Amino acid sequence: MLKFIKFLSIAFTITSLLVACNKLDYSGDMAYIKTQENIDFFIVPDIHHFSKSIYDDKEAFQNFLATSDGKLIKYSTEIITSIKEDIRKEQPDFLILPGDLTTSGDKESHIELAELLNEIEQIGTQVLVVPGNHDIENPWSRKFIGSDVIKTENISFNDWKDIYYQYGYSQAISTDKSSASYLVAASEDLWILMLDSTISNEKSKNLYPIKGGEISKNTLTWINNCSELAKKNNAKLMAVMHHNLLEHSQIFNDSYTVNNKDEVLDSFINANIDLVLTGHIHIQDIKSFTKNETTIYDIGTSSALVYPNQYGTLRFNPANGYTYNTKGINLDILETEFDKEAFENYVLSLFMEQCCNQYKDCLAELDELNDEDLEKAYSVIVEMNKMYFSGFRNNALINITASEGFSTLKNVSSCFAQEYVLSMLNDEFENNNTLFIPFSN
């Protein structure tokens, strides 16, 4: 708590110095945590908060739920509350939310989430946020009442800054004038680039928000200035953004990885960034890239609202590096209409219906499997998809790949379902839930 109080007390001093990084005379007194101290983080991407005030659980909302990609949007408040209780017990220094704070960008959900985040800050954990593609100027901002889908108010770029001002922006060493990006001194040893990777929806005529992302040239210039200042002050740089820096899936990468990946990679390597925390893709996955003997890691933490319902934890040790792990949401304490077993079944059935059934449909179109073989192959897809979303690949799936169902699936005519499953066996890491990252420089 004393760390957090100090962080608030320096907010005005830092805010009064918001200028371009290369012109800022940084002082160690502005850091949240002093040198040589560990820093603990919770990382919760894609929380997709959906206020209970904008739906009544009837026909229109049920139809909307059927397109939710396995997200437990009906229980976002309960899941945030569960994470808050973990924060109360473990007292991390920071909670990082890397975008898609809301499901459809409606103003009511944003305001309500900000209130929930304030409760977390009262515990003593500082919250840091960046926007995702769902959050600002979302053209699909709707209420669901009875059988009616009603357009409702979304938020602008300026609204975002106002609503979430206390969650990073008020403590920033510098803010980027061309985006919602900012720089925070988490400690004298570690600074965090909170990067806005979204593409503006303001002039879009799309019905849905723009899914892809990028880091603009102006923001890359600002990052370089921040890097020079960090090097001058012997501080490590870590980055956070919604979209992925590296491709986390051989099958699904379009609009997930930033459009200008190569340019951003070069910028990050020049800035001596070892670690980038991302979300967006909703699977648990870690990728790395090495250039000129420098390795950068992109940890994509899965959405807490999607099976297996987990979030990331990170410890920065200034002497050694970063230690990352995942932690499951405590579903037992969620106040729902289900008992524990029924809720677990609901979570799994939602995942199967919205994240697995498309592959069954794909196999059925082949017309070469009898009903029994189709069910065996589909059961393999379900079990492998559960492991895949949970962060396990390659040899971790060996018990499933030894099954009759997998043999059937492997030998059918080439199809998307087969390609998807086989891609799980050619991954960089077997277990994407834990990793130690040493400093590369």
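One table, with the values for the structure above:
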{"read-out": "Some residue of segment 140-157 being touching a Gly at 6+ places or on another chain (Cβ under 6 Å), assigned to a loop (DSSP other than H, G, I, E, B) and crowded, with 22+ Cβ neighbours inside 10 Å", "value": "yes"}
{"read-out": "Only listed residue being in a helix (DSSP H, G or I) and out of contact with any Pro (no Cβ under 9 Å at 6 or more places or on another chain), chosen from Phe289, Phe343", "value": "Phe343"}
{"read-out": "Residue within segment 198-211 that is open to solvent by less than 10 Å² (accessible area, probe 1.4 Å) and either in contact with a His (Cβ under 8 Å, 6 or more places away or on another chain) or modelled with pLDDT of 95 or more (or both) present", "value": "no"}
{"read-out": "Failed item in (1) of a type in the set (Ser, Thr, Tyr); (2) in a helix (DSSP H, G or I); (3) surrounded by fewer than 17 Cβ atoms within 10 Å (Cβ to Cβ), with Ser227 passing the rest", "value": "(3)"}
{"read-out": "Identity of the residue in segment 35-71, of a type in the set (A, V, I, L, M) and outside any loop (DSSP other than H, G, I, E, B), that ends up most open to solvent (accessible area, probe 1.4 Å)", "value": "Leu65"}
{"read-out": "Test: residue in segment 256-264 that is surrounded by fewer than 16 Cβ atoms within 10 Å (Cβ to Cβ) and hydrophobic (A, V, I, L, M, F, W, C)", "value": "no"}
{"read-out": "Criterion (open to solvent by 10 Å² or more (accessible area, probe 1.4 Å) and touching a strand residue (DSSP E or B) at 6+ places or on another chain (Cβ under 7 Å)) met by exactly one of Asp93, Asp106", "value": "Asp93"}
{"read-out": "Cβ-Cβ under 9 Å pairs, at least 6 apart or on other chains, segment 275-303 side free of Cβ contacts under 8 Å to residues at least 24 places away in the same chain, far side assigned to a strand (DSSP E or B)", "value": "Thr290/Ile296"}
{"read-out": "Check on Ser349, among the polar types (S, T, N, Q) and free of Cβ contacts under 8 Å to residues at least 12 places away in the same chain", "value": "yes"}
{"read-out": "Sole residue being among the aliphatic types (A, V, I, L, M) and closer than 30 Å to Leu237 by Cα, chosen from Ile329, Ile398", "value": "Ile329"}
{"read-out": "Test result for Asn385, among the polar types (S, T, N, Q) and modelled with pLDDT under 95", "value": "no"}
{"read-out": "Lone unmet requirement of (1) in contact with a Lys or Arg (Cβ under 7 Å, 6 or more places away or on another chain); (2) within 30 Å of Trp191 (Cβ to Cβ); (3) of a type in the set (A, V, I, L, M) for Val129", "value": "(1)"}
{"read-out": "Residues of segment 318-331 satisfying the condition of being outside any loop (DSSP other than H, G, I, E, B), in contact with a strand residue (DSSP E or B) (Cβ under 7 Å, 6 or more places away or on another chain) and among the aliphatic types (A, V, I, L, M)", "value": "none"}
{"read-out": "Hey, Glu419 more than 28 Å from Phe268 (Cα to Cα), exposed (fewer than 13 other Cβ atoms within 10 Å of the Cβ) and under 28 Å from the mean Cα position of the chain (by Cα) or not", "value": "yes"}
{"read-out": "Residue within segment 120-136 that is open to solvent by 10 Å² or more (accessible area, probe 1.4 Å) and charged (D, E, K, R) present", "value": "no"}
{"read-out": "Test: residue in segment 233-248 that is surrounded by 15 or more Cβ atoms within 10 Å (Cβ to Cβ), charged (D, E, K, R) and within 23 Å of Phe316 (Cβ to Cβ)", "value": "yes"}
{"read-out": "Some residue of segment 381-398 being in contact (Cβ under 8 Å) with a residue 40 or more places away in the chain, surrounded by 14 or more Cβ atoms within 10 Å (Cβ to Cβ) and at positive phi", "value": "yes"}
{"read-out": "Those residues of segment 109-119 which are under 22 Å from Lys58 (Cβ atoms) and open to solvent by 10 Å² or more (accessible area, probe 1.4 Å), in sequence order", "value": "Glu112"}
{"read-out": "Any chance Ile136 is over 21 Å from Gln310 (Cα atoms), under 17 Å from the mean Cα position of the chain (by Cα) and at pLDDT 95 or above", "value": "yes"}
{"read-out": "Evaluation of Ile39 against (1) of a type in the set (A, V, I, L, M); (2) modelled with pLDDT of 95 or more; (3) more than 26 Å from Asp298 (Cα to Cα) (one fails), failing number", "value": "(3)"}
{"read-out": "Within segment 350-441, helices (runs of 4 or more DSSP H) holding 3 or more residues that are within 21 Å of Leu246 (Cβ to Cβ)", "value": "371-390, 416-423"}
{"read-out": "Output for segment 293-317, where each listed residue is open to solvent by 30 Å² or more (accessible area, probe 1.4 Å), over 30 Å from Leu65 (Cβ atoms) and either touching a helix residue (DSSP H, G or I) at 6+ places or on another chain (Cβ under 8 Å) or assigned to a loop (DSSP other than H, G, I, E, B) (or both)", "value": "Glu293"}
{"read-out": "Every pair of residues 6+ apart whose Cβ atoms lie under 6 Å, when the first sits in segment 353-379 and is farther than 12 Å from Cys415 by Cα while the second is among the charged types (D, E, K, R) and surrounded by 17 or more Cβ atoms within 10 Å (Cβ to Cβ)", "value": "Tyr378/Lys360"}
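The values are calculated or read from the model by the stated rules, or taken from the named source; none is laboratory data. This structure is a prediction, so every number in the text was calculated from the model and none was measured. Cβ: placed from backbone, ideal geometry, glycine included. Neighbour counts: every protein chain shown. The protein model used for the area step is the full one, side chains on, heavy atoms only, and it has no ligands, DNA or RNA in it. Shrake-Rupley method; radii C 1.70, N 1.55, O 1.52, S 1.80 Å.
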